[in-house]
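What follows is a single structure, written as structure tokens, with notes after it.
The values are calculated or read from the model by the stated rules, or taken from the named source; none is laboratory data. Every value quoted in this text rests on a predicted model; they were computed, and no experiment measured them. Here Cβ is always computed from backbone atoms with ideal geometry, including for glycine, and neighbour counts include all displayed protein chains.
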Amino acid sequence: MIIDRAEVVVTSPDRNFVTLKLTTDDGLTGLGDATLNGREMAVVAYLADHVVPLLIGRDAHRIEDTWQFLYRSAYWRRGPVTMAAIAAVDMALWDIKGKAAGMPVYQLLGGASRNGLLAYGHASGKTTDELFDSIRSHQEQGYRAIRVQTGVPGLKSIYGIASNATYEAMEGVRYDHEPAQRGALPAEEDWDTRAYLRHVPTVFEAVRNEFGSELPLLHDAHHRLTPIQAAQLGKSLEPYDLFWLEDVTPAENQEALRLVRQHTTTPLAIGEIFNTVWDYQQIIREQLIDYVRSAVTHTGGISHLKKVLDYAAQYQIKSGMHGPTDISPVGMAAAMHLGLAIHNFGIQEYMRHGAKTDQVFQQSFTWENGFLHPGNNPGLGVELDLDESGKYPYVQAYLPFNRLADGTVHDW
Ligand code: EZ4
Ligand code: CO
């Protein structure tokens, strides 16, 4: 089973996606997601110029060997571009192996450890009323766990709030928060940590009063706090029993989590911008987090993220794989197969893709009563319609950035 062809497909149905498609000499195809939001074309070049030529003629069965070859032979290790490119190859090879075996990928990973994957969605609103409506509409769509983000009085725009204006082009589809905006320059947002820290606990109090104590609630602080501010937030949210508090500090300083942990029992999730096990080494060993946020797409694929999660399992740390709209249907499928198979699954983030995206990518997953299942098609269960994808060329889009009131650039 020799890799005969490798194509990098860029498409922008509702947003940009980068997909690697491998074809073997016996005609099997495999797909891998390589989408890196706002920096898509860097991964396209990495794949097309430096990886595709190395794949032709290789044995498609040798997933681990190919992973090690791409990681070690590059010499320049880690980083989001490299690891997204390797992830795409890894996913595509698992897809092919599943098709060759006639089994869904989760069977090859050890079989199902559960019936379905609890998933959470993104409720948001500028005001409490808008937020309540959004929570209710998520419950109507079947969600049994909900991330809560709101506007902060005094701030114009803020991470996590659905902006219908941004995606008018989507013909009625409401993305509950799509941060990357199409255009030549990134949008500028404003930020005030003290106002945020005062406001957030009042929101969670209102939500608990309205929706009761049962509903699992999550919140994302999006790397904006210092360790002591993060500790304060964790402490002030303790009465509201969060499922998790995400990305309280910029993720690159692992030690910072020690201070946060000393002060609060609010469960912590981190890692959506991590890309290897090395980023997690200390925080897993010291049990500084409760959930691993990595996406299969950004962490070297199924093979590498499984190693991270097996390591985490020894410390009772669970998965909470990243699943915003910038993870393509292929990356989401990979997450679902992995999540179904591992023992230490925690929760899966799940935002719906737009209607055009669902036409470009034919998918086999199911969504019932708040639970996802990848389906039982051989491989990952996703096919790419090249005629459809060809209709939507790449559109420049950037994630926004933040400035404080005095003009200083701040973590977004
Ligand atoms: O900002 O996916 O938890 N989810 C998030 C996302 C990220 C985007 C970045 O591409 O923080 O909304
Ligand atoms: Co996040």
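Laid out as a table, the results:
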read-out: Matching option when the condition is hydroxyl-bearing (Ser, Thr, Tyr), part of a loop (DSSP other than H, G, I, E, B) and in contact (Cβ under 8 Å) with a residue 60 or more places away in the chain, among Thr19, Thr35; value: Thr35
read-out: Residue match in region 228-248 (condition: within 19 Å of the chain's Cα centre (by Cα), more than 16 Å from ligand 1 (Cβ to nearest atom) and crowded, with 18+ Cβ neighbours inside 10 Å); value: no
read-out: So Ile146, is it surrounded by 15 or more Cβ atoms within 10 Å (Cβ to Cβ), in contact (Cβ under 8 Å) with a residue 12 or more places away in the chain and closer than 23 Å to Leu36 by Cβ; value: no
read-out: Criterion (part of a helix (DSSP H, G or I) and surrounded by fewer than 22 Cβ atoms within 10 Å (Cβ to Cβ)) met by exactly one of Arg77, Arg72; value: Arg72
read-out: Residues of region 262-290 satisfying the condition of being within 13 Å of ligand 1 (Cβ to nearest atom) and surrounded by 24 or more Cβ atoms within 10 Å (Cβ to Cβ); value: Ala269, Ile270, Gly271, Glu272, Phe274
read-out: Residue identified as farther than 20 Å from Phe17 by Cα, of a type outside the set (Phe, Trp, Tyr), out of contact with any Pro (no Cβ under 6 Å at 6 or more places or on another chain) and more than 16 Å from ligand 1 (Cβ to nearest atom) among Asn377, Asn402; value: Asn377
read-out: Number of positions in region 261-282 that are under 17 Å from Gln229 (Cα atoms) and either more than 16 Å from ligand 2 (Cβ to nearest atom) or without any contact (Cβ under 8 Å) to a residue 24 or more places away in the chain (or both); value: 5
read-out: Some residue of region 227-239 being in the same structural domain as Tyr159 (by TED's automatic domain parsing) and not in a helix (DSSP H, G or I); value: no
read-out: So Val89, is it touching a residue at least 60 places away in the same chain (Cβ under 8 Å) and under 21 Å from the mean Cα position of the chain (by Cα); value: yes
read-out: Region 316-337 - residue that is farther than 15 Å from Phe274 by Cα and β-branched (Val, Ile, Thr) and, of those, farthest from ligand 1 (Cβ to nearest atom); value: Ile317
read-out: Selection count, region 341-374, where residues are within 16 Å of ligand 1 (Cβ to nearest atom) and surrounded by 21 or more Cβ atoms within 10 Å (Cβ to Cβ); value: 8
read-out: Residue check, Gly111 under 27 Å from Gly142 (Cβ atoms), surrounded by fewer than 16 Cβ atoms within 10 Å (Cβ to Cβ) and either free of Cβ contacts under 8 Å to residues at least 40 places away in the same chain or not hydroxyl-bearing (Ser, Thr, Tyr) (or both); value: yes
read-out: Residues of region 202-228 satisfying the condition of being free of Cβ contacts under 8 Å to residues at least 12 places away in the same chain and of a type in the set (D, E, K, R); value: Glu214
read-out: Which listed residue, of Asp326, Asp387, is more than 20 Å from Pro104 (Cβ to Cβ) and without any contact (Cβ under 8 Å) to a residue 24 or more places away in the chain; value: Asp387
read-out: Residue that is surrounded by 20 or more Cβ atoms within 10 Å (Cβ to Cβ) and touching a Phe, Trp or Tyr at 6+ places or on another chain (Cβ under 7 Å), where the choices are Leu338, Leu384; value: Leu384
read-out: Number of positions in region 197-223 that are at negative phi, within 16 Å of ligand 1 (Cβ to nearest atom) and surrounded by fewer than 21 Cβ atoms within 10 Å (Cβ to Cβ); value: 1
read-out: Residue in region 283-300 that is farthest from ligand 2 (Cβ to nearest atom), counting only those that are closer than 28 Å to Val43 by Cα and not hydrophobic (A, V, I, L, M, F, W, C); value: Gly300
read-out: Condition check for Asp326: surrounded by fewer than 24 Cβ atoms within 10 Å (Cβ to Cβ) and acidic (Asp, Glu); value: no
